[in-house]
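Asker: One structure, pasted below without further comment.
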Amino acid sequence: MRKIMVVSVNWLGDAVFSTPVFFALKKQYPDARITCLCVPRVADVLSMCTAIDETIVYDEDGADRPLIAKLSLIRRLVRGKFDAAFILRKSLSRTLIVMLAGIPVRVGYAADGWRWLLTHQVPAKGMQEVHRSDAYLRVIESYGVPVSDRSCRLSASEDVIRGWRARLLSMGVKSEDRLIAINTGGNWDLKQWPVERFVDLIKEIYARKLGKVILPGAPKDLQRVKKIKELSVIGDDLMITAGDTGITCLAGLFSCIDTLVTADTGPLHLAAALGVRTVALFGPTRPEITGPRGQKEGVLLQKDVKCNRAPCYYLECKDNQCMKVITVEDVLHVL
C-alpha cells in the first residue's frame, strides 16, 4: 500500500485521540504516504502529528459546501490515486466522497442504507462504551493493522517553542521557575470548576511557593480569566495569555510548562499528547471514554457524588455537585 487516506474526526480532543491511528499505519506501511482529510478546526492539531505527511482541509460547512466545491475535492482525490481510505467516524457525506473518488479500499463504520459504500465495514457493537481513541483504532485494526502503542502523540514547532521561551522570559519567568498553567474554560459550563475555586487554588500556589501560574484560554475565556486574576490579588506575577488564538500557539506554550490543571476539554488532551503532566478535573463526563491518553502519566480527579445520572451529559443540571465536590486541597495535594 503506497497512498493512504484517513478521514478524520471533527473536534480538537477527538483529533488528538485519533493520532495513534496514523502512527500505527506508518509502522505497518513505512513507505506509504499518509494523507488526512479533515475539517478546518482540527487541521492545526493534526499538523503536529509527525506520522501525517499531508493534510487536505475539507470545509464542509463553509467553502466546500457548494456542490461545485465538492466535485473539485473529488477530482483532487482522484488525482491522488489513493489505495485505501480509513474513515474514522460514521459519515454518509464523507464516505460518499471517498467512494466517488474511486478509492478501491474503503474501511469504516456504516449505517443501514449505505453500507454498500464501504468495502470493509467495521462492527459498531459496543463502540459507545470504549475509549474514543480505541473506537478510532478499531477501524484500522478491523483491516488487520496491528496497534502496539495506543498513546496520543503530538510535537509542537521548535520555532514556536523558542518564541514562547523568549516571551516567558520577558514576562519574568526564569528557567528554574516551575510554571503551572491553569485552564479555566471548557466547552460547556457543567465541566467547569467554579471561579472561586480557581481563585483559592492560585492564592495557595503562591502562598506555598509551588510555582508561578499562567492562565491560557480562548478569547471567550478572557472575561473569566480577568475576573480570576482580579479576585486572586496576585498582581503581575499571575500571567494571562488567554485570548492568544490558535492551537499551534497554545501547543508552544504547553511545551514550556511543567503542569496543566484543567477540566475535561480539548487543551487537556493537547497537553497530554505533548508530554505535559496534567491534573484533570472530571465531573459529568467519563474518563474511561474521554480520559487523557498522553505520553506522560497524569492525575485524574473525580469523585462519586451518588448522582443517579453520573456520569452524564445532563445539561440542565442545577447544582453541578460532581465538579464542586473537588476541593482546592485535592488539587494542591497532587501538584
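Asker: Once you have the Cα-Cα distance between E129 and S93, take 0.36 nm times their residue separation minus that, and quote the gain in nm to one decimal.
Answerer: Numbers: separation 36, 0.36 × 36 = 12.96 nm, distance 2.51 nm.
Full extension from E129 to S93 adds 10.4 nm.
Asker: Using label points projected 7 Å from each Cα along Cα→Cβ, tell me how many nm separate L100 and A207, to one decimal.
Answerer: Computed distance between label sites L100 and A207 equals 6.3 nm.
Asker: Quote the charge dipole size of the chain about the Cα centre in Debye, to the nearest 20; the model charges only the Cβ of Lys and Arg (+1) and of Asp and Glu (-1). If you can, show how the numbers build up before the last one.
Answerer: On the way: 47 positive and 37 negative charges, 144 e Å.
With only Lys, Arg, Asp and Glu charged at Cβ, the dipole is about 700 debye.
Asker: Which value in nm describes the separation of the simple spin-label points at K324 and R79, placed 7 Å from the Cα toward the beta carbon?
Answerer: Calculated label separation equals 5.9 nm.
Asker: Could you give each residue of the stretch 318-335 its phi-based ³J(HN,Hα) in whole Hz, using Karplus coefficients 6.51, -1.76, 1.60 with θ = phi - 60°, and x for Gly or Pro?
Answerer: My calculation for the stretch 318-335 gives 8, 10, 6, 4, 5, 8, 5, 6, 6, 9, 4, 5, 4, 6, 4, 4, 9, 6 Hz in order.
Asker: I'd like the distance between the alpha-carbon centres of the stretch 71-107 and the stretch 1-38, rounded to an integer number of Å.
Answerer: After rounding, the separation between the Cα centres reads 14 Å.
Asker: Would you please give the residues with an amide H less than 5 Å from that of C36, counting only those at least 5 places away or on a separate chain, with H modeled from the backbone geometry?
Answerer: Amide H to amide H, under 5 Å and 5 or more residues apart or across chains, C36 pairs with V6, E54, T55, I56.
Asker: Just to confirm the filter: which chymotrypsin sites (Phe, Trp or Tyr not before Pro) across the stretch 34-115 are DSSP coil and have at most 14 other Cβ within 10 angstrom of their Cβ?
Answerer: Working: sites: Y58, F82, F86, Y109, W114; in loops: Y58, F82, Y109, W114.
Within the stretch 34-115, the qualifying chymotrypsin sites (Phe, Trp or Tyr not before Pro) (loop, at most 14 other Cβ atoms within 10 Å) are W114.
Asker: Once R0 is set to 35 Å, what does the formula 1/(1 + (r/R0)^6) return for the Cβ-Cβ distance between V305 and S155, expressed as a FRET efficiency to the nearest 0.05? Please report the intermediate quantities before stating the final value.
Answerer: Working: r = 38 Å, r/R0 = 1.09.
After rounding to 0.05, the efficiency reads 0.35.
Asker: What does the helix-only formula give at 222 nm for the chain: each DSSP H stretch with n ≥ 4 adding -39500 (n - 2.57), the total divided by the residues, and the result rounded to the nearest 500 deg cm²/dmol? Walk me through the intermediate numbers first.
Answerer: On the way: 14 runs with 124 residues, N = 335.
Result for the chain, helices only: -10500 deg cm²/dmol.
Asker: Also, I was wondering about something else. Hey, got the dipole for the stretch 158-334? About the Cα centre, +1 on K and R Cβ, -1 on D and E Cβ, debye to the nearest 20?
Answerer: On the way: 25 positive and 22 negative charges, 10 e Å.
It works out to roughly 40 debye.
Asker: Give me the one-decimal nm value for the distance between modelled label points at D236 and D61, 7 Å along each residue's Cα-to-Cβ direction.
Answerer: Label at D236, label at D61, 4.1 nm between them.
Asker: Then there's this: So how strong a dipole does the stretch 3-141 carry about its Cα centre when Lys and Arg Cβ are +1 and Asp and Glu Cβ are -1, to the nearest 20 debye?
Answerer: Values: 19 positive and 14 negative charges, 77 e Å.
Result for the stretch 3-141 is approximately 380 debye, rounded to the nearest 20.
Asker: Show me, for the stretch 143-156, the HN-Hα J-couplings you get by feeding each phi into the Karplus relation (A = 6.51, B = -1.76, C = 1.60, θ = phi - 60°), rounded to Hz, glycine and proline as x.
Answerer: Here the 3J(HN,Hα) series is 8, x, 7, x, 10, 9, 9, 9, 7, 8, 9, 9, 9, 6 Hz.
A short reminder: the numbers here are calculations on the coordinates, not readings from a lab. Predicted model only: the values in this text are computed from it and were never measured. All Cβ positions, glycine included, derive from the backbone under ideal geometry; neighbour counts span all protein chains shown.
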